[in-house]
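Structure, as structure tokens:
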Amino acid sequence: MADTIAVTLLRHGITKANQEKRYIGWTDMPLVPEEIERLQSVQGFGRQFDLCITSDLLRARQTAALLCPLLEQIEIKDFREMHFGAWEMKTYEDLKKDVRYQEWIAAPEKFTPPGGESFQAMKQRVDASFQKLRQEAFERQSKNILLVAHGGAIRYLLTKLTKKQKTLFDWEISHDAGIRLIWKTDDWKDVQKCISLQEVPLTAKENG
């Protein structure tokens with residue numbers, strides 16, 4: 001629709017660390033080969049977009065390039081996942097007896113991973129990054145935007161940009177579908193919350 005703007009939030013494809021249920025924040029890992037094949041098979045998904053934004057981490061850049069091979073991929077570093085510090089590449093089983101980890105799980109907005117990033121710091125950089133996305137969309141007159149990012153950043157954007165009464169961890173962020181947020185053009189200009197959201201399955205069929 002001409003009087004709306006849509007941003008589809010999509011989590012990057014699967015890495016070995018994802019398969020092993022490890023905390024992967026700023027650690028730069030590639031997609032597993034079978035995920036590359038899967039994403040190549042659904043390139044039709046990317047044809048609906050007129051702008052592709054991605055974090056600078058390899059797993060996001062690979063996903064964006066595979067889905068939108070005909071579009072320039074614009075990297076915005078601060079759409080990265082949270083930096084987990086000493087807990088990077090650890091699993092729940094590795095950490096479950098650590099008191100600091102238990103405190104963080106119970107109240108992630110109050111505690112910070114050792115050597116890592118606070119939730120507040122992540123929010124500030126993701127907020128700034130979304131303003132950069134808006135500026136890119138304005139300059140290019142884009143109406144249908146794909147953002148390939150990470151679970152934590154996407155969860156935060158959903159709590160901020162939608163009217164859903166959900167906490168950060170109430171949102172389930174799949175590797176198999178994006179979440180499309182839609183604004184009326186005037187609301188987008190005024191940084192209002194989106195008027196609707198819908199799941200967009202990652203399939204070869206174009207989604208209108």
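Quick one: putting +1 on the C-beta of Lys and Arg, -1 on the C-beta of Asp and Glu, what dipole do you get for the chain around its Cα centre, in Debye to the nearest 20?
Values: 31 positive and 30 negative charges, 79 e Å.
Around 380 debye, computed over the chain.
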Prolate/oblate/rounded label for the stretch 72-208 (Cα gyration tensor, a/c 1.5)
prolate
Specify the inter-centroid distance of the stretch 156-208 and the stretch 87-134, based on alpha-carbon positions, in whole Å.
22 Å
Would you mind working out the magnitude of the charge dipole of the stretch 44-151 relative to its Cα centre, with +1 at each Lys and Arg C-beta and -1 at each Asp and Glu C-beta, to the nearest 20 Debye?
140 debye
Quick one: if the Förster radius is 41 Å, what FRET efficiency do residue 174 and residue 120 give, using the C-beta to C-beta distance and rounding to 0.05?
0.95
Ranked packing of 83-94, 184-195, 53-64, most packed first, by mean Cβ within 10 Å:
53-64, 83-94, 184-195
With unit charges on the beta carbon (Lys/Arg positive, Asp/Glu negative), name the residue among 79, 198, 133 whose Cα is farthest towards the positive pole of the charge dipole of the chain.
198
Calculate, for residue 78 and residue 16, the FRET efficiency according to 1/(1 + (r/R0)^6) with r their C-beta to C-beta distance and R0 22 Å; round to the nearest 0.05.
0.35
Label point 7 Å out from residue 196 along Cα-to-Cβ: which residues of the stretch 35-65 have amide N under 12 Å?
none
If you average the sequence gap of Cα pairs under 8 Å that are 6 or more apart and divide by the length of the chain, what percent do you get for the contact order?
32 percent
Would you pull out the residues with amide H under 5 Å of residue 51's amide H, same chain only if 5 or more places away, H placed 1.01 Å from N?
144, 146
Given all pairs of different Cα atoms, what value in angstroms does the Kirkwood hydrodynamic radius of the stretch 1-155 take?
16.5 Å
Under a plain spin-label model, where a point goes 7 Å from the Cα along Cα-to-Cβ, how far apart in nm are residue 131 and residue 166?
2.7 nm
At 7 Å along Cα-to-Cβ for each site, give me the label-to-label distance between residue 184 and residue 37 in nm.
4.8 nm
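Rank these for me by crowding, 81, 199, going from fewest to most other beta carbons within 10 Å.
By the 10 Å Cβ count, ascending, the order reads 199, 81.
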What fraction of the DSSP beta bridges in the chain is antiparallel, stated in percent and rounded to the nearest 5?
50 percent
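We did not get these values from a lab; they are worked out from the coordinates using the rules stated. These figures come from a predicted structure and were not determined experimentally. All Cβ positions, glycine included, derive from the backbone under ideal geometry; neighbour counts span all protein chains shown.
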